[in-house]
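A.B. asks: Let me give you the structure first, and then I'll get to my questions.
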Amino acid sequence: MSPKRALAKQLSLIGKSGIRDFFEIVQNQKGVISLGIGEPDFETPWLIREASIYALEKGETGYTSNLGLIELRKLISQYVLKLIGVEYDPYEEIIVTVGVSEALDCALRALIDPQDEVIIHQPSYVSYVPLVVLAHGIPVIVETHEKDEFRLSPIELEKKITPRTKAIILNFPTNPTGATESEQQLKALAEIVHKHNLFVITDEIYAELTYEGKHFSIAAFEGMKERTLFLHGLSKAFSMTGYRIGYGCGPKEWIEAMVKIHQYSILCAPSVAQYAAIEALSKGRKEMEKMVEEYKLRRNFLWKNLSSLGLTGCYPRGTFYYFPSIRTYGLSSRDFSYRLLQEGGVAIVPGSAFGQGGEGYVRCSFAARFEDLQMAVRRIEKWLKKIEKEANK
Ligand SMILES: Cc1ncc(COP(=O)(O)O)c(C=O)c1O
């Protein structure tokens, strides 16, 4: 039998990431300004990098506990309490993972039986649907809409619930739309979760990057802690993507089940990265807040300037993405992005990469230097004029 025929059938149900796909094209193009990648452009603050060098010098290079270093879990517990107002026991209710990516995978595999349904709001981060499929569950999509600022409507959510629904995945602030949920809106969602006895996986990796008002978590509502897995990590706010440190906080039984998977597949998150995370959480807050302030200035700039060029969309209240509509140009999001890349020298991501509901939109990241944002706006303006001229011929 050829290896291709021998491979797991489940894999044929998922495609390649639309973002990676597009960026293979970008990498072959010179002089491009990228507003494409979902990665901070800041170097990891020096005190954090120094802590990892020091950990290496001290020879802290062995395995750690499967759950992660207890010193780190204690700091996570304090940090999360301040961030969302929920207290987790560092000994039993927290696991350190290889990014939120691994935490998501473990959380789903620990919860889902074959054919269980998991509700996902879309446009959404590219991993959710494939990870549910790989866990042998069935992803059920609830579309969110620009007219509702891409918030999840409790009514639309409830319509999708069936006797097979096991959980919902929430992601606020949302990649790619920049949407956030208010305390009141989350309360309405929590009531539905309760009513139907569901579980929640809430990916709040962009929590600190909330520019308007306070960040709220569904985990903080009465009766939600015991049915919610809160996922967070250091990749975005601390600019530590390559360190690969994330974590999950939730009910003891759910964490124990995740540890079972994690201990056989990963064993533990990298030790040196865990020492860097200790430094970040204990001494890195000021540096983090400086970066968040800078993102806010860039958000203001990009939103104002792209809107005035006709690329209008929801004001991104969180994350480092702006998700404007391109419907008036009569191009698919892929063609729009491909032509802007080829003819205008700016890389953005087609909205279709984030699910069907993302068609008609593009994702522009403002995790880029201010000068690059300025240059990108100039290039986009020139290219839009060109395609408008062509359309009027
Ligand atoms: C919503 C969301 N969740 C999770 C991740 C992955 O994060 P990590 O680097 O912690 O694996 C990303 C990365 O872009 C993301 O946007």
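A.B. asks: Could you pull out the residue among 269, 273 that is out of contact with any His (no Cβ under 8 Å at 6 or more places or on another chain), outside any loop (DSSP other than H, G, I, E, B) and either more than 19 Å from residue 176 (Cβ to Cβ) or small (Gly, Ala, Ser) (or both)?
C.D. replies: Within the list 269, 273, the selection yields 273.
A.B. asks: Next question, about the same structure. Can you tell me which residue within the stretch 33-74, out of those that are outside any helix (DSSP H, G or I) and among the hydroxyl-bearing types (Ser, Thr, Tyr), is nearest to residue 365 (Cα to Cα)?
C.D. replies: Looking at residues that are outside any helix (DSSP H, G or I) and among the hydroxyl-bearing types (Ser, Thr, Tyr), I get 34.
A.B. asks: Something else about it: Of these, 238, 221, which one is buried (at least 22 other Cβ atoms within 10 Å of the Cβ), modelled with pLDDT of 95 or more and in contact with a helix residue (DSSP H, G or I) (Cβ under 6 Å, 6 or more places away or on another chain)?
C.D. replies: Answer to the selection: 238.
A.B. asks: Is it true that some residue in the stretch 173-185 is outside any loop (DSSP other than H, G, I, E, B), in contact (Cβ under 8 Å) with a residue 12 or more places away in the chain and open to solvent by less than 40 Å² (accessible area, probe 1.4 Å)?
C.D. replies: No, the stretch 173-185 contains no residue that is outside any loop (DSSP other than H, G, I, E, B), in contact (Cβ under 8 Å) with a residue 12 or more places away in the chain and open to solvent by less than 40 Å² (accessible area, probe 1.4 Å).
A.B. asks: Can you run down the residue pairs with Cβ atoms below 6 Å, 6 or more apart or on separate chains, where the first is in the stretch 87-105 and closer than 15 Å to residue 249 by Cβ and free of Cβ contacts under 8 Å to residues at least 60 places away in the same chain and the partner is more than 16 Å from the ligand (Cβ to nearest atom) and open to solvent by less than 30 Å² (accessible area, probe 1.4 Å)?
C.D. replies: 90/73; 90/77
A.B. asks: Sticking with this structure for a sec: Among the residues of the stretch 245-282, count how many are surrounded by fewer than 20 Cβ atoms within 10 Å (Cβ to Cβ), charged (D, E, K, R) and under 24 Å from residue 86 (Cα atoms).
C.D. replies: The number of residues fulfilling the criteria is 3.
A.B. asks: Give me the residue from the stretch 205-249 that is in contact with a His (Cβ under 7 Å, 6 or more places away or on another chain) and part of a loop (DSSP other than H, G, I, E, B) and, out of that set, farthest from the ligand (Cβ to nearest atom).
C.D. replies: Across the stretch 205-249, the extreme among qualifying residues is 223.
A.B. asks: Kindly indicate which of 271, 265 is within 16 Å of the ligand (Cβ to nearest atom) and among the hydroxyl-bearing types (Ser, Thr, Tyr).
C.D. replies: It is 265.
A.B. asks: Can you give me the number of residues within the stretch 136-150 that are away from the ligand (no atom under 16 Å from the Cβ) and part of a loop (DSSP other than H, G, I, E, B)?
C.D. replies: Qualifying residue count for the region: 4.
A.B. asks: Return the only residue of 101, 12 being part of a helix (DSSP H, G or I), at pLDDT below 95 and under 30 Å from residue 130 (Cα atoms).
C.D. replies: Numbers: 101 fails: at pLDDT below 95.
Going through 101, 12 in turn, just one is part of a helix (DSSP H, G or I), at pLDDT below 95 and under 30 Å from residue 130 (Cα atoms): 12.
A.B. asks: It is to be established whether one or more residues within the stretch 158-165 are at pLDDT 95 or above, part of a strand (DSSP E or B) and either more than 16 Å from the ligand (Cβ to nearest atom) or touching a helix residue (DSSP H, G or I) at 6+ places or on another chain (Cβ under 9 Å) (or both).
C.D. replies: yes
A.B. asks: Right, residue 129: in a strand (DSSP E or B), modelled with pLDDT of 95 or more and open to solvent by 20 Å² or more (accessible area, probe 1.4 Å) or not?
C.D. replies: no
A.B. asks: Scan the stretch 160-171 and give yes if some residue there is assigned by TED's automatic domain parsing to the domain that holds residue 219, open to solvent by 10 Å² or more (accessible area, probe 1.4 Å) and polar (S, T, N, Q), otherwise no.
C.D. replies: Yes, there is a match, as at least one residue in the stretch 160-171 is assigned by TED's automatic domain parsing to the domain that holds residue 219, open to solvent by 10 Å² or more (accessible area, probe 1.4 Å) and polar (S, T, N, Q).
A.B. asks: Just one of the numbered conditions (1) at pLDDT 90 or above; (2) closer than 17 Å to residue 244 by Cβ; (3) not assigned by TED's automatic domain parsing to the domain that holds residue 209 is not true of residue 32; which one?
C.D. replies: With (1) at pLDDT 90 or above; (2) closer than 17 Å to residue 244 by Cβ; (3) not assigned by TED's automatic domain parsing to the domain that holds residue 209 applied to residue 32, the lone miss is (2).
The values are calculated or read from the model by the stated rules, or taken from the named source; none is laboratory data. All of these numbers come straight from a predicted model, not from anything done at the bench. Don't worry about glycine lacking a Cβ; one is built from the backbone with ideal geometry, like all the others, and counts go over all protein chains shown. These area figures cover heavy atoms from the full protein model, side chains too; ligands, DNA and RNA do not enter into them. Shrake-Rupley method; radii C 1.70, N 1.55, O 1.52, S 1.80 Å.
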